[in-house]
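All remarks here apply to the structure that follows.
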Amino acid sequence: MIPARTLLVGSGRIGSRVADELHRAGGEVVTLRRSAATESEGWRHIAADLSRPLEDALPAVDAVVVTLPPGEEQDFLASAVGRIAEALPATPSRTVWVSSTRVFEGYGDERPLDEDDEPRPRSARAQQLVDGEERAAELLGATILRPAGIYGPGRDRLIRQVLAGAPVDHDRRTNRIHETDVVRTILTMLRAEEVPAVLHAVDRRPATLGEVVTFLADRLGVPVPPRGEPAERRGTVLDGTRLGEVLEDLAYPTFEDGYGEMLAQRT
């Protein structure tokens, strides 16, 4: 059963699609974003800048989904959690905090990583993600969802890169998840009686970047992009076993499935 009322914080593609699905299923939706919006979607919007304390209290909700990217200030995500928690009249029964597998950027490709591995951030952006995760778990009891590289319609940067013939690091290890499966995972987490504390959203097919661009080039009928200089970070392999226990079937189990459909729709 979906939550009776859900607060969606963030107005990107993932949050908007989740809001639409919840509304379609009969749930009440409230969205919080920096800019004002119309009521045409059929739910209430709250305009608020989470870099500052909220001026008004938030409504009582059964669930919260947060899809905020890191901000310019290093403490933005951790502070945003605090401001959301302070403005809510009560802690919701379920909070999903959408982070990123970027928190593992300090690892190499020596072994697959799962949810029991500790984050190892190297950049300020990754550290901000880790700080946000910790604060969300502390204040809201949040379940942390870490998607890998999200792709799908409108997220075709790699296709454009292949068409341009730009050099890439063929040996870099990569993980992906289709946008549709990220949305399906969030909806499943909102409906489930029990969810893991941390969940990685990755498909069934880790691959080198070279494998992916070779597939794309073959389907597009263009030369395979040349090898570029090896990147400092060699990438990681992420274990998606736990996701398989939460979401039985992915709509797009491999990058071939997802990108194959995207390319077919281009013709």
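Here's how it looks for His170: its modeled amide H is under 5 Å from those of Gly228, which are all 5 or more places away or on a different chain.
Computed about its Cα centre, the charge dipole of segment 167-267 is approximately 300 debye, with only Lys, Arg, Asp and Glu carrying charge at their Cβ. Ala4 sits among other residues whose Cβ lies under 10 Å from its own Cβ, and their net charge, with Lys and Arg +1 and Asp and Glu -1, is -1. Using a ≥ b ≥ c from the Cα gyration tensor of segment 69-135 (square roots of the eigenvalues), is it rounded, prolate or oblate, where a/c under 1.5 gives rounded and otherwise the larger of a/b and b/c decides, a/b for prolate? Oblate shape, in that a/c is at least 1.5 and b/c is the bigger or equal ratio. In order along segment 20-26, phi translates into HN-Hα couplings of 5, 5, 5, 5, 4, 7, x Hz, rounded to whole numbers, per the Karplus curve 6.51 cos²θ - 1.76 cosθ + 1.60 with θ = phi - 60° and x for Gly and Pro.
Positive end of the dipole of segment 5-264 (Cβ unit charges, origin at the Cα centre): among Leu22, Pro225, Val246, the Cα lying farthest that way belongs to Pro225. Assuming charge only on the beta carbon of Lys and Arg (+1) and of Asp and Glu (-1), the dipole of the chain about its Cα centre is about 720 debye to the nearest 20. Seen against the Cα atoms of the chain and their longest principal axis, helix 255-264 is set at about 90 degrees. As a proxy for reagent exposure, Thr236, Thr174, Thr180 were ordered by neighbouring Cβ count within 10 angstrom, fewest first; the result is Thr180, Thr174, Thr236.
Look at the alpha carbon pairs under 8 Å that are at least 6 residues apart: their mean separation over the length of the chain gives a relative contact order of 18 percent. Per-residue Cβ neighbour counts within 10 Å put Met189, Met1 in the sequence Met1, Met189, beginning with the fewest.
For segment 1-149, the relative contact order works out to 22 percent when only alpha carbon pairs closer than 8 Å and six or more residues apart are counted. Which of rounded, prolate or oblate describes segment 27-93 when judged by the alpha-carbon gyration tensor and an a/c cut-off of 1.5? It is oblate, given that a/c is not under 1.5 and a/b is not larger than b/c. Give the shape of the chain as rounded, prolate or oblate, defined through the alpha-carbon gyration tensor: a ≥ b ≥ c are the square roots of its eigenvalues, a/c under 1.5 means rounded, and otherwise the shape is prolate if a/b is larger than b/c and oblate if not. The shape class here is prolate.
Spin-label model, Asp249 to Glu194: label points 7 Å out along the Cα-to-beta-carbon direction sit 2.6 nm apart. Within the shell defined by Cβ-Cβ distances under 9 Å, the residues around Val61 carry a net charge of -1, with Lys and Arg each +1 and Asp and Glu each -1. Since only Ala60, Pro147, Leu158 are under comparison, the one whose Cα sits farthest along the positive direction of the charge dipole of the chain, derived from C-beta charges on Lys, Arg, Asp and Glu, is Leu158.
Rounded to the nearest 500, what is the chain's calculated 222 nm mean residue ellipticity when only DSSP H runs of at least 4 contribute -39500 (n - 2.57) each, over all residues? Numbers along the way, then the final one.
Working: 8 runs with 90 residues, N = 267.
Computed mean residue ellipticity for the chain: -10500 deg cm²/dmol.
A short reminder: the numbers here are calculations on the coordinates, not readings from a lab. The model shown is predicted, which means the values in this text are computed figures rather than measured ones. Neighbour counts are summed over all protein chains in view; Cβ atoms, including those assigned to glycine, are modelled from backbone coordinates with ideal geometry.
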